[in-house]
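To start, the structure itself, in structure tokens.
The values are calculated or read from the model by the stated rules, or taken from the named source; none is laboratory data. Please read all numbers here as calculations on a predicted model, not as lab measurements. Glycine gets a Cβ as well: all are built from the backbone with ideal geometry, and neighbour counts include every protein chain shown. In case anyone asks, the SASA skips ligands and DNA or RNA and just uses the protein heavy atoms, side chains included. Shrake-Rupley method; radii C 1.70, N 1.55, O 1.52, S 1.80 Å.
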Amino acid sequence: MKTKPHFAFLDEGSKKEIRRTILKAVAIPGYQVPFASREMPIARGWGTGGLQITLSLIGKEDVLKVIDQGADESVNAVSIKKLVQSTTGVEITEQTADASLIQSRHRIPEVPLTYKQILVLQVPMPEPLRVYEAKEYKTKMLHAEQEYSGAWLMLFEQIMKYGKTSTDADHPVYVNDRYVMAPSPIPRFDNPKMNQSEALILLGAGREKKIYAIPPFTDVTSLAFEDYPFAKEDFTNKHCYLCGADDVFLDELIDEHSGETIYQCNDTSYCMERLNSNQKEEVGSVDA
Amino acid sequence: MQIDYVHDLQEVYRKILHSMSRPGTISTLKIDSEQQDHHLPCNHATFLTMLALLDAEVSFHVVSEEHHNLANQLAEYTLARHASIDEADYVLVLRGTKESEIADAIKKCKIGTLLDPQTSATWILENNSMITNEKKFILTGPGVQHEVNLHLDWNKHLLQERNERVKEYPLGIDLVFTDDYSHIACIPRTTTVVMEGM
């Protein structure tokens, strides 16, 4: 016998608890609010935190977009979309501008987010201080006392070792001049998009049982030193070989035929949108 | 017609979230007037907010000695536990409550700890008149692009009491104001509130 799942999979009690947690997270930007992470039908570490936030927020009128490392069609994104769609019946889209709710793993879309949108980011490791402090109780104390020497020291050591900060993704940020926060493993390219964002950004870590948030129009600064300023990934003189975009985050690929290095938009829907807008319609509608 | 606990409350919650993440933004909880059959001495927006947020895992306190019956009824509706002001997770202030009672409760309520600032009280307060964006209080801070005006019944004294409790950020209280026109507006602890002309 196959039973019909409850709307948005989670029971109402679970949703309420997650909803209350989200409100606290919004009221204390960058602070990791603990919550009772539920068992989900996907494995922990595969986006259960983001998924629980999405399921607690979603309503019948929502339009959902799910991306995984910039791609709408990768396994993780498709599985999450299928689960949410089958339990809610909401409309799914690939167009960033059309979505009211965007769940993402490791990217913030290239199309600027708007006032009416909510971005939900999946987070594997929410604690930016975990690298040098293993105990949760101690990291909580460090946050309480705003004692972030360790985070600075970590960057300083990278500069000593490599001549620059070597955080490829998940470069720590200061939120509202109070909490140091892990922005989830988004590339440094996306860090500035969090600053004064028009959309509400919610971050969920299911395995670590934490939810945190960045309300719209909140100051988010990437940690950096005066003499070693924060730098995004550099794509100077590089552009997408498909659509020609040069102001976006690019993936580096090797052309199988020529063996040359080529670049492609990481945000697949953005690339597709640009290609479609440049392409002439092969079969257009015929005016009567 | 009864309130749909799944879809109506989801809609209500999204409005609360929208207003909480954008302090001073007024949202309207559009639930049919036919559904306003709870016969409780609170307005509909307050009732819906309580329904959306409360359950057996949290406690609440009603700031007014005259409303013991409401506390019992709310406990029955939501399964939340009625608690003293220094323990309550949610604090409810009905319209017409004396200013001295509110001020006293603000002094006594939970504001969290530096280790766990989330263990603070969230206030749901009924405004006597309609909440508008006319000038009275000027709000700035996270969620506000430049500044936003909000007109509430609160006076200088209550504002000072609130500001006193939120000055040691991240400790503090978060406020949800409601009115008889099903409007809500929020002032989280991060918001700097000043009264016009002060």
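Computed quantities for the displayed model
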item	result
Selected residue (only one of B:6, B:12 is under 24 Å from residue B:144 (Cα atoms) and either surrounded by fewer than 22 Cβ atoms within 10 Å (Cβ to Cβ) or within 12 Å of chain A (Cβ to nearest Cβ) (or both))	B:12
Top-ranked residue in the range A:28-54 [being crowded, with 24+ Cβ neighbours inside 10 Å and of a type in the set (A, V, I, L, M); ranked as nearest to the other protein chains (Cβ to nearest Cβ)]	A:28
Residue within the range B:115-134 that is in contact with a Cys (Cβ under 7 Å, 6 or more places away or on another chain), surrounded by 21 or more Cβ atoms within 10 Å (Cβ to Cβ) and either assigned to a loop (DSSP other than H, G, I, E, B) or on the phi > 0 side of the Ramachandran plot (or both) present	yes
Test: residue in the range B:20-30 that is away from chain A (no Cβ under 14 Å) and modelled with pLDDT of 95 or more	yes
Failed item, numbered, when residue A:132 is tested on (1) among the aromatic types (Phe, Trp, Tyr); (2) under 25 Å from residue A:76 (Cβ atoms); (3) free of Cβ contacts under 8 Å to residues at least 60 places away in the same chain	(2)
Members of the range A:156-180 that are crowded, with 17+ Cβ neighbours inside 10 Å and either among the polar types (S, T, N, Q) or modelled with pLDDT of 95 or more (or both)	A:165, A:167, A:171, A:172, A:173, A:174, A:175, A:176, A:178, A:179, A:180
Test result for residue A:84, of a type in the set (Val, Ile, Thr), more than 10 Å from chain B (Cβ to nearest Cβ), open to solvent by less than 40 Å² (accessible area, probe 1.4 Å) and assigned to a strand (DSSP E or B)	no
Residue that is most open to solvent (accessible area, probe 1.4 Å) [pool: residues in the range A:184-223 that are more than 10 Å from chain B (Cβ to nearest Cβ) and charged (D, E, K, R)]	A:207
Conditions (1) within 13 Å of the chain's Cα centre (by Cα); (2) in a loop (DSSP other than H, G, I, E, B); number of the one not met by residue B:102	(2)
Unique residue being open to solvent by less than 60 Å² (accessible area, probe 1.4 Å), modelled with pLDDT under 95 and out of contact with any Ser or Thr (no Cβ under 6 Å at 6 or more places or on another chain) when the list is A:273, A:233, A:260	A:233
Lone unmet requirement of (1) of a type outside the set (D, E, K, R); (2) touching a residue at least 12 places away in the same chain (Cβ under 8 Å); (3) part of a helix (DSSP H, G or I) for residue B:96	(3)
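Residues checked against (1) within 14 Å of chain B (Cβ to nearest Cβ); (2) open to solvent by 10 Å² or more (accessible area, probe 1.4 Å); (3) not aliphatic (A, V, I, L, M):
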{"site": "A:20", "(1), (2), (3)": "yes, yes, yes"}
{"site": "A:56", "(1), (2), (3)": "yes, no, yes"}
{"site": "A:67", "(1), (2), (3)": "no, no, no"}
{"site": "A:80", "(1), (2), (3)": "no, no, no"}
{"site": "A:89", "(1), (2), (3)": "yes, yes, yes"}
{"site": "A:111", "(1), (2), (3)": "no, yes, no"}
